[in-house]
Amino acid sequence: MKGALLFIIAAATLYVAGIYRAPAGMMAAVAEFLFFFIGLVSVGLLRRRLRAGIIPAGEGMERKEAMSCYLKVENPGRLPVWFWAAQLVWTQDGQTGRTKISGKVEGRGQERADFEVSAGHCGYVTVTVKQLRVWDYLRLFTRRVKWREGNPSRRIPVFPPRQVLQVESARGEFRESFGTDQTPLPLAGTEVQEVHQYREYKEGDSIKNVHWKLSARSEEMWVKEYSRANECRVGLFLDLVLRKPLDAQRRDAFYEILLALLLGLLARYDGVFLYWFRLREKAFIRRLFTEEEQYRELLAELYEEEWIPWEELDEKSYREEIGAQAGDGLLQLDSDLRLSYGGAETLLLKRFSEDGYERELAEQRVVIP
């Protein structure tokens, strides 16, 4: 708008100077046109190389809480950008939030401008740079930055708040060995071990646990981490079958109950074997949960899973396959917020309510048969 006004003023100055044959007026009009074209060309040059990216302050955010993020603006050119402004939008389940930020960036430099994002439901929130505009040095002209590969965006996982469900066993120290091997438990005084995972060498690790072949290939020291075959572990199957439509509130309840249950089981057992059916691969997935820090990675993976329509499954064969893959003596959590124990025939342990599950998690306990 300011650039158009400058052009009109320059044209008017030139017209008046021509009528009155005023050399000074002619020079003023030429100067105004020069400013016009310099501003127009400079803003085009400034916006061509500008890049932007969204950087979250952490691995994810908690539901209904704000999280700091940064817009990183890079200027690989020599000319500084004295003023830029960006409009950012984040969307989740049809809900939208937006904010505007601005700043400047030196030549061959970068700048970070912070903003906050919030989300009301578990899952992913997508943050997008909807628009980034650059101004010339006189703030007369502005141009929008165009992206070759689409507007910069970032998906940020949204996790449920942490609660711990109290878990007890009706048999006292209930010990099961899920997913290890089929050999009997070792006699007293013996120890059976299997390789649980490989990790980088840390100071204090025993040299006998070094994986020499892997270390030679990667040129870094790797060690074998063992787990005992008679560790106290429990199995949990996630039934992702939808028997009725799943809204955002019940999905939040499912993930919050799952996290509270996992943390409660981990407080009593050495690990939790988690199973679910992946529809796109037609296969059962198994994950071992042994540390609290794993829940973010685990939930982020579950957010990518497809919920299974009831009509696409043969219930009988589905249940039989669950028993074949994970065994009959395991916990089950389904999309109707029911926690059960067993296999083909299940024992209902708890049915959480969609509206009062937060209070139930805090006040009640679950007893495993």
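Can you give the extra length, in nm with one decimal, that the chain gains between Trp212 and Lys146 once fully stretched, where that is 0.36 nm per residue apart less the Cα-Cα distance? Write out the running numbers ahead of the final one.
Working: separation 66, 0.36 × 66 = 23.76 nm, distance 5.07 nm.
Extra length from Trp212 to Lys146 when fully extended: 18.7 nm.
Excluding Glu297 itself, what net charge comes from residues whose Cβ is under 12 Å from its Cβ, given Lys and Arg +1 and Asp and Glu -1?
That works out to -4.
Return the aspartates and glutamates within reach of Lys104: Cα separation strictly under 12 angstrom, same-chain partners fewer than 8 residues apart disregarded; answer none if there are no such residues.
Glu74, Asp136
Which ³J(HN,Hα) values in Hz, rounded to whole numbers, follow from the phi angles of the range 39-55 under the Karplus curve 6.51 cos²θ - 1.76 cosθ + 1.60, where θ = phi - 60° and Gly and Pro get x?
Coupling constants for the range 39-55: x, 5, 6, 5, 5, x, 5, 5, 7, 5, 9, 5, 10, 8, x, 9, 10 Hz.
Take the chain, mark every one of the trypsin sites (Lys or Arg not before Pro) that falls in a DSSP loop and has at most 10 other Cβ within 10 Å, then report the longest stretch left between them, sites excluded.
Maximal segment without exposed cleavage sites: 283-369.
Using θ = phi - 60° and the Karplus form 6.51 cos²θ - 1.76 cosθ + 1.60, what ³J(HN,Hα) does each residue of the range 124-137 get, whole Hz, x for Gly and Pro?
Using θ = phi - 60°, the values come out as 10, 10, 9, 9, 10, 7, 5, 7, 10, 10, 10, 10, 6, 5 Hz.
Hey, what did the chain get for relative contact order, percent, Cα under 8 Å, at least 6 apart? Can you show the working numbers first?
Working: 691 pairs, mean separation 51.4, N = 369.
RCO, the chain: 14 percent.
Which lysines, on any chain, are close to Lys130 with Cα under 18 Å apart, when same-chain ones fewer than 8 places away are left out?
Lys72, Lys100, Lys146
Can you say what percent of the DSSP beta bridges in the range 50-159, counting only those with both residues inside, are antiparallel? Round to 5.
On the way: 42 of 44 bridges.
Taking every DSSP beta bridge with both residues in the range 50-159, the antiparallel ones total about 95 percent.
May I ask you to list the lysines whose Cα is less than 22 Å away from that of Lys316, ignoring any residue fewer than eight positions away on the same chain?
Cα-Cα hits under 22 Å: Lys244, Lys282.
Rounded, prolate or oblate: pick one for the range 246-302, where a ≥ b ≥ c are the square roots of the eigenvalues of its C-alpha gyration tensor, a/c under 1.5 means rounded, and failing that, prolate if a/b is larger than b/c, else oblate.
oblate
Any read-out appearing in this document is the output of simple, stated calculations on the displayed coordinates, not a laboratory observation. Here the structure is a predicted model, which means the values were calculated and not measured. Cβ atoms come from the backbone with ideal geometry, glycine included; neighbour counts cover every protein chain shown.
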